[in-house]
1. Could you pull out the residue among F272, F262 that is at pLDDT 95 or above and more than 18 Å from the chain's Cα centre (by Cα)?
2. For region 28-66, enumerate the residues that are β-branched (V, I, T), touching a helix residue (DSSP H, G or I) at 6+ places or on another chain (Cβ under 8 Å) and not in a helix (DSSP H, G or I).
3. Please work out if L228 is in contact with a Lys or Arg (Cβ under 8 Å, 6 or more places away or on another chain), more than 24 Å from I119 (Cβ to Cβ) and crowded, with 19+ Cβ neighbours inside 10 Å.
4. I'd like the full set of residues that are closer than 22 Å to T253 by Cα, hydrophobic (A, V, I, L, M, F, W, C) and not in a strand (DSSP E or B), limited to region 204-227.
5. So which residues in region 67-93 are assigned to a loop (DSSP other than H, G, I, E, B) and either among the basic types (K, R) or at pLDDT below 90 (or both), if there are any at all?
6. Within region 139-171, track down each residue that is hydroxyl-bearing (S, T, Y) and buried (at least 22 other Cβ atoms within 10 Å of the Cβ).
7. Could you check how many residues of region 129-138 are in a helix (DSSP H, G or I) and surrounded by fewer than 18 Cβ atoms within 10 Å (Cβ to Cβ)?
8. If we keep just the residues of region 241-266 that are in contact with a strand residue (DSSP E or B) (Cβ under 6 Å, 6 or more places away or on another chain), in contact (Cβ under 8 Å) with a residue 60 or more places away in the chain and surrounded by 13 or more Cβ atoms within 10 Å (Cβ to Cβ), which is nearest to L189 (Cα to Cα)?
Amino acid sequence: MKILITGGAGFIGSHIVDMLKDKHEVVVLDDLSTGRKENIPDIKLIKKDVRDVKKEDIKDIDWIISTAAQVSTFLSVDYPTMDYKTNNQGIFNLFEAWRKWNGYAKMIFTSSRSVHGNIPSPDICDETFPYNPSTFYNIHKIYGEMLCKIYSELYGLKYVIIRPSNVYGPRQPYWVGGWYNFISHWIKLAMENKPIPIYGTGLQIRDYTFVEDTANAFVKAIKNKNALGKTFLLPTAREVNLNDLADMVIKYTNSKSKKKYFPPRKGDIQRFVGSCEKAKNILGWTPKVSLEEGLQREIEWLNNELVKRRKI
């Protein structure tokens with residue numbers, strides 16, 4: 001198959017590329033604002049913003065995997081117009097390109113667990129939980145999900161929606177501002193023995209999924225015709241608060257860093273823990289990498305990355 005991955009030079013997208021490139025023809029469309037060409041060294045790259053997709057970009061494509069986005073919830077609070085232009089206009093343009101020039105390609109839309117907002121204890125979120133957005137980013141992900149459904153009803157789009165859950169691991173962009181990639185920032189700070197910033201009490205709970213596990217779900221969705229028209233959460237059902245996560249980062253980096261607290265951020269949720277039963281039952285997907293192993297693999301990658309950068 002011929003597969004177009006928007007945002008394919010980025011964090012999650014490049015790992016999907018790695019898992020598909022040996023068996024399929026993969027093309028990446030990425031403006032390299034946060035992605036890197038070195039993440040996809042042997043892959044055809046169309047250097048372009050998703051808002052500028054043209055007919056020739058999606059010609060003969062069998063699957064479109066949409067991972068291009070502005071991915072920080074808190075940047076969307078600070079810069080809502082920017083988030084609107086990147087996420088709403090960008091994804092709408094991609095759907096329109098599909099309708100005009102390639103109405104047979106199937107699509108995977110990358111949404112987010114954040115569309116569900118805060119999940120009060122002791123509930124475990126699944127795909128049936130209602131939308132409960134707390135930032136513009138969440139709203140724009142809901143918009144993308146609604147586009148999947150309306151383009152399916154009106155024009156016959158075959159789609160899959162995937163909602164990743166706090167993804168972390170190698171290639172997480174430590175060089176980019178925004179809170180979504182805070183683990184890579186924390187690791188870098190810990191390596192430098194600098195304070196680890198925590199906004200709020202640190203008791204906020206998240207459910208973290210390793211990037212390779214997340215990417216594997218996309219591959220399984222492409223292979224499984226029963227995935228079409230369905231939505232999948234990709235969490236681990238393990239709740240970890242920020243204080244404990246910071247302690248793990250400090251421990252695994254042998255750091256002298258201390259936690260430093262700041263006022264809470266607008267739009268921050270207090271708890272998310274999710275179930276992957278639907279993905280398990282339909283896709284045969286379960287997370288394989290524990291948080292302990294995943295953090296150490298990200299730390300090893302970032303250490304090698306920084307050493308390499310210093311030599312350049």
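1. On the way: F272 fails: more than 18 Å from the chain's Cα centre (by Cα).
After applying the criteria, what remains is F262.
2. Step one: list which residues in region 28-66 are β-branched (V, I, T), which gives 28, 34, 40, 43, 46, 50, 53, 58, 61, 64-65.
Restricting the remaining residues to those that are touching a helix residue (DSSP H, G or I) at 6+ places or on another chain (Cβ under 8 Å) gives 28, 34, 40, 43, 46, 50, 53, 58, 64-65.
V28, T34, I40, I43, I46, V53, I58, I64, I65 - these are the residues of region 28-66 that are β-branched (V, I, T), touching a helix residue (DSSP H, G or I) at 6+ places or on another chain (Cβ under 8 Å) and not in a helix (DSSP H, G or I).
3. Values: in contact with a Lys or Arg (Cβ under 8 Å, 6 or more places away or on another chain): yes; more than 24 Å from I119 (Cβ to Cβ): yes; crowded, with 19+ Cβ neighbours inside 10 Å: no.
Criteria not met by L228.
4. V211
5. Going residue by residue through region 67-93, those that are assigned to a loop (DSSP other than H, G, I, E, B) are 67-72, 79.
Listed by number, the residues that qualify are A68, A69, Q70, V71, S72, Y79.
6. Going residue by residue through region 139-171, those that are hydroxyl-bearing (S, T, Y) are 143, 151-152, 155, 159, 165, 168.
Result: Y159, S165, Y168.
7. Step one: of region 129-138, the residues in a helix (DSSP H, G or I) are 136-138.
Now restrict to residues that are surrounded by fewer than 18 Cβ atoms within 10 Å (Cβ to Cβ): none.
Matching residues across region 129-138 total 0.
8. Taking region 241-266 as the starting set, the residues that turn out to be in contact with a strand residue (DSSP E or B) (Cβ under 6 Å, 6 or more places away or on another chain) are 241-242, 246, 257, 259-262, 264-265.
Cutting the leftovers down to in contact (Cβ under 8 Å) with a residue 60 or more places away in the chain gives us 246, 257, 259-262, 264-265.
The next check asks that each one be surrounded by 13 or more Cβ atoms within 10 Å (Cβ to Cβ); those that pass are 246, 257, 259, 261, 264-265.
Working: A246: 11, S257: 8, K259: 11, Y261: 15, P264: 20, R265: 20 Å.
Out of the qualifying residues, it is S257.
The values are calculated or read from the model by the stated rules, or taken from the named source; none is laboratory data. Values in this document were obtained by computation on a predicted structure and should not be read as measured data. Cβ: placed from backbone, ideal geometry, glycine included. Neighbour counts: every protein chain shown.
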